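Only one structure is covered here, and it is reproduced in the block below.
What follows draws every value from the coordinates through simple rules; no lab data is involved. Since we're looking at a predicted model, the values are computed, not measured. In this analysis, Cβ positions are derived from the backbone assuming ideal geometry, glycine residues included, and neighbour counts consider all displayed protein chains.
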Amino acid sequence: MVFKGAAEKLSPEEILPLFFKDVEFVHIASLRIDSSLHAAKIAKEKNIVVLFDPGRVLSRRGMLYSKKIFRYIDILLVNHEEAELLTGLKDFRDAGQLLSKEGIKTIIIKLGGKGVYYLSNGNENFVKAYKVNAIDTMGAGDSFASGLITMLGKKARIDEAIKFANAVAAIKVQRLGAHQIPMMDEVDEFIRKQG
């Protein structure tokens, strides 16, 4: 069960530095900007890798609204619609290039069934999507993020991490329910079968 809008109630004062003890990655998703910024600042002070997914609500407010957090994040995760909302640019490559000028090391733009476009340290590339019969896309973005963080934690290259994250999301969208994230062995087997 979820309470829509709960993230809007989380205040910066409720995000305590002790939450970041022994943490390697912090994924900030769909929080209001003051709480997102507070969490990102704490994480950066502790040399934690920060991933930021503004979601539709923050993306609709445009780049200027979220710009203050950009200097604290390492990886920006958006889908094509959010990239357009943030930048005002329809072409995902143009949106990615504009966002990269803000100093973000890695920008990942998810294109659904078309794959993932990313820029990392000035280099751009594309990772193909897996062809599956999607029945429920709710939770696909969170599944992608968990797969990405899992592989980055194993010191995978960014392209390898994205490929794995794509597989996690591809398996999830074939299942009903937002929390139907596959186990590691399922993902490995799925990738092996896909070739």
(request) With r as the distance between the Cβ atoms of ARG56 and ARG175 and R0 = 25 Å, compute the FRET efficiency 1/(1 + (r/R0)^6) and round to 0.05. (result) 0.65
(message) Taking 8 Å as the Cα distance limit and 6 or more residues as the minimum spacing, I'd like the relative contact order of the range 131-195 as a percentage.
(response) 40
(message) How big is the dipole moment of the chain about its Cα centre under a simple scheme where the beta carbon of each Lys and Arg is +1, that of each Asp and Glu is -1, and everything else is neutral? Debye, nearest 20, please.
(response) 300
(message) Rounding to the nearest 10 and keeping the result within 0 to 90°, find how far the Cα-based axis of helix 33-45 lies from the longest principal axis of the chain.
(response) 90
(request) Take the alpha carbon atoms of the range 15-32, find their center, do the same for the range 51-83, and report the distance between the two centers in whole angstrom. (result) 17
(request) Would you kindly derive the ³J(HN,Hα) couplings of the range 154-170 from the backbone phi angles with the Karplus curve 6.51 cos²θ - 1.76 cosθ + 1.60 (θ = phi - 60°), listing them in order in whole Hz, with x for Gly and Pro? (result) 8, 6, 6, 5, 4, 5, 5, 5, 5, 4, 5, 4, 4, 5, 4, 5, 4
(message) If I fit a long axis through the Cα atoms of helix 184-194 and take the longest principal axis of the Cα atoms of the chain, what angle between them do I get, 0 to 90°, rounded to 10?
(response) 50
(message) Pairs of alpha-carbon atoms within less than 8 angstrom and 6+ residues apart define the contacts here; what relative contact order does the range 1-91 have, in percent?
(response) 25
(request) Can you figure out the FRET efficiency of PHE20 with TYR65, using R₀ = 22 Å and their beta-carbon distance, to the nearest 0.05? (result) 0.35
(message) Rounded to the nearest angstrom and ordered from largest down, what semi-axes does the equivalent ellipsoid of the range 1-108 get from its C-alpha gyration tensor (root of 5λ)?
(response) 23, 17, 11
(request) Go through LYS41/LYS68; LYS9/LYS172; LYS110/LYS193 and tell me which ones have a Cα-Cα distance over 19 Å in this structure. (result) LYS9/LYS172; LYS110/LYS193
(message) Restricting to Cα pairs below 8 Å that are 6+ residues apart, what does the relative contact order work out to for the chain? Please round to a whole percent.
(response) 12
